[in-house]
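Asks: Pasting a structure here, questions to come.
The values are calculated or read from the model by the stated rules, or taken from the named source; none is laboratory data. This is a predicted model, so every value here is computed, not measured. Cβ coordinates were reconstructed from backbone atoms using ideal geometry, including for glycine residues, and neighbour counts include every protein chain displayed.
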C-alpha cells in the first residue's frame, strides 16, 4: 500500500552533516594538488586551477559512510575499511513537538510568500512557463523535502506528543494546500500558460502544466460566492476526518484477555510474546488486534468461540471511526455534485485509467460472475473439512462456515492436502535473510547495489539510524556497469510497537527531482521507508516470516524500489505518484518472484541450519498457490464493490444509508460466508485506512492493476525471472518514469504492444 494522502503533501529539509575525517579530507586535496602540478608543467596554469577547484568542490558535497562487511546472502556491501561517498546526506528525524509545528508554519509561510510574489509580479498577459510554472514546481519540490517527514512522525514515532504534533502538522499543511489550491490569482496565471503552451515544450513539462491546470479546476475555482466557500470548508473537513481516522487506527490498543486453555492451538512462540498477568487468580494473556497477534490466533486457535470473539472485537476496535466514515462519504458526494459530477466516484475516476464508474462496475461485475461459483465450491469443500474436524474433536457441526472460520480452515486445508505446516516453513524465512535475499534479487534484476549503513554508533534520530532503534538503513547506488551513481536511501521499520501504523505500507520521505530541470546532474535523491508489522525476534529465535508475509514484504519493497529508482524532473511525478489504478501493478508483479523455485531457495535459510527450503516443500508451496483463490478474490471484490457503492450515492434515497449494514450484507452476498445474525455486528469499513486514505473509489485498482501486473510478468519474466535485460528495460520504461508520462505509454513501451487480460485470467484459472 502507498498512503495516497501523503503523496502530494506541500513541504524544507533537515540533512545530516556529512561525516569527515582527516583521511577523507586530505586524499582529495593531495590528488588535486598532484594533478595541478602536472597541469602546470604540461598544459596551463588556468587548467590546473580549475581542476583544483573542481576536486576540492567535490569534498563539500559528498557524505562518507562506513558500511558493514559482506553478508552471507551476497548483499552488496563494502568492507569496513572502505567507504561509499554519497552526494547527499540522509534526512534526520530529530523533531520535538514544538520544532515540528514551528517548521510546519515556517514552511507554509515560505510557500505563501512565493505565491504572493507571483501574483504581484506576473499578469496573465506576461505569464510564461519560466516565470510561473517553474517557480511553482520549485516550491512544490522544496516543500516535499520536509513536509513528508513532518507528517510521517504520526505513523512511527514512539513519543505520543510527537505523534500528536505530527497529526496537527498534517492538518495545518492540508489546510494550507486547500488555501493554495483555491487561489484564483495563481490559477489565472497557470491557465494563461496552459492556453499558450509552445509546441516544443518537453513532454514532462507539458504534463506538469496540464496537471496543475486540472488541479485548480478540480479545486472548485469555477464555483462562485457561497458555493466556493462551502466547497472549501468541505475540503478542510474531509482532510481532518481522514487524519483523525488514521490517528485512531494508529493509536488503537484494544484486545482480549484469554487463558492458556482458550489459546490452545496458538503457536507457543506467539503466546510467549503476549503480555500476561494474574486476573482473578488465573494467569491470562492479552491478545491485541495487531497483526502479529490477530492472524496467528485466527489461524490456529482451536476454540471457535475465541476466534469469534477476536474477529468481532477487531471489527469494532475503532467505533469512533464509524461517524467519521459516514460523514466522509456524504461530504465527498456533496463536493462532487458542487463540481457538476453525479457522485464522488465519477469525480475521482475522471483522472484514473478507468475513467468512468460504468467501466469499473462492469469490470468488477464481470469478475464477480466468473469467480462466484468457484468461491461457492471452495466454501462447500471447506465446510466438509470443518465437519470432519469438529466431529473428530467431539464437537457438534451446524452446517455453517463463519467469517472467523476461514483463516483456520484455509490453513488446515493446506496442511492436509499439501503437507504444508506454515510454522515449520516459517523457520526457513528469518526476516533479515529474506530482506537480504530480496535486495540481492533487485541487485541482479535492476542493476542496483545496497549498502547496509553501520548503526552501532549512530543515535536514534540520525540519518544513519532513523526514527527508532528498530530501523535499518540502506544506501543504494547503481552497479558499476550502469555508472555506479547514487540512487537514494531505503529505511526499513518492520516490527510492531505502541502507536505505530498497524498495517504494511511504503512512505516516501524525500522525493526525487531535478533542482535545475535542464541539468541532469542537479538531482535531489529520494529517501523511502517500509513500515510493516512482522513479529519481533525472541531470545531463542529471530523474527520468522510466514510465506504470505514474505509476499507482503516483497510487495511493499517493490513500492520502495519504485520510489528509489524513479528519475523524473519534477517531484509531482516521482516514483509511486502515478494514477491510483496503476500504482499497485509494479509491486503486484514482483510478488511472482516469491513463487518461483530458485527465488524461494534464495530467500530461504533455516534459522538454525542455514539450509534452504527443501525441494519437496517448495513444490508443495507452489502447488498450494491458488488454494481458495476464489474466496480471496471475492474478498477483494467485496472491498471494491462496497467502495463503489458508498461513493455512488443517490440522494435523497441514500441519505440514511447504513454503511455497516451495506458492508456486511455485501460481504455475505459476495463471499458467501456466514456471520452473526445482525448485520450491524461490526464495522469492518472502519478498521482499515484505504477508503479514507486515498483509495476512495479506487479499491478496484488492486484487481484492475493486477491485469497489468500479470501481463508484464508473463511477457517479460515468466520464462526467465532473473533476465537482467528485461529487468533493466522494466526499470527504465516503467519504474523510472513514475507518473511523468501516461501510464499506458509506459506499459506499451515495456510490453511492445497494448496490454491485455489473457495472463490475468490464466493466473486466476478462469476463462476470459
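Asks: So, restricting to helices (runs of 4 or more DSSP H) that lie completely within the range 100-217, which ones have at least 2 residues that are under 30 Å from residue 495 (Cα atoms)?
Replies: 134-156, 160-181
Asks: Then there is this: So, of the residues in the range 474-524 that are within 18 Å of the chain's Cα centre (by Cα) and more than 29 Å from residue 273 (Cα to Cα), which turns out to be surrounded by the most Cβ atoms within 10 Å (Cβ to Cβ)?
Replies: Residue satisfying both the conditions and the ranking: 511.
Asks: Before we move on, is residue 255 surrounded by 19 or more Cβ atoms within 10 Å (Cβ to Cβ) and either modelled with pLDDT of 95 or more or touching a strand residue (DSSP E or B) at 6+ places or on another chain (Cβ under 8 Å) (or both)?
Replies: yes
Asks: Can you tell me which residues in the range 282-317 are surrounded by fewer than 21 Cβ atoms within 10 Å (Cβ to Cβ) and within 19 Å of residue 661 (Cβ to Cβ)?
Replies: 312, 316
Yes/no matrix, rows are residues, columns are (1) part of a loop (DSSP other than H, G, I, E, B); (2) surrounded by 14 or more Cβ atoms within 10 Å (Cβ to Cβ); (3) at pLDDT 95 or above:
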residue	(1), (2), (3)
341	yes, yes, yes
345	no, yes, yes
355	yes, no, yes
358	no, no, yes
366	no, no, yes
376	no, yes, yes
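Asks: Taking the stated definitions as given, is residue 763 surrounded by fewer than 21 Cβ atoms within 10 Å (Cβ to Cβ), in a helix (DSSP H, G or I) and at pLDDT below 95?
Replies: Considered against the rule, which asks whether it is surrounded by fewer than 21 Cβ atoms within 10 Å (Cβ to Cβ), in a helix (DSSP H, G or I) and at pLDDT below 95, residue 763 comes out as yes.
Asks: Of the conditions (1) in contact with a helix residue (DSSP H, G or I) (Cβ under 9 Å, 6 or more places away or on another chain); (2) under 30 Å from residue 739 (Cβ atoms), residue 375 satisfies every one except a single condition; which number is it?
Replies: (2)
Here is a yes/no grid of residues against (1) in the same structural domain as residue 382 (by TED's automatic domain parsing); (2) surrounded by 16 or more Cβ atoms within 10 Å (Cβ to Cβ); (3) under 22 Å from the mean Cα position of the chain (by Cα); (4) at pLDDT 95 or above:
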position: 633; (1), (2), (3), (4): yes, yes, yes, yes
position: 659; (1), (2), (3), (4): yes, yes, no, yes
position: 663; (1), (2), (3), (4): yes, yes, no, yes
position: 672; (1), (2), (3), (4): yes, yes, no, yes
position: 675; (1), (2), (3), (4): yes, yes, no, yes
position: 689; (1), (2), (3), (4): yes, yes, yes, no
position: 693; (1), (2), (3), (4): yes, yes, yes, no
position: 710; (1), (2), (3), (4): yes, yes, yes, yes
position: 722; (1), (2), (3), (4): yes, no, no, yes
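Asks: In this structure, does residue 293 turn out to be closer than 30 Å to residue 257 by Cβ, assigned to a helix (DSSP H, G or I) and either assigned by TED's automatic domain parsing to the domain that holds residue 662 or in contact with a strand residue (DSSP E or B) (Cβ under 8 Å, 6 or more places away or on another chain) (or both)?
Replies: yes
Asks: Related question: Consider residue 150 against the criteria (1) at pLDDT below 95; (2) crowded, with 18+ Cβ neighbours inside 10 Å: it satisfies all of them except one. Which criterion is unmet?
Replies: Exception for residue 150: condition (1).
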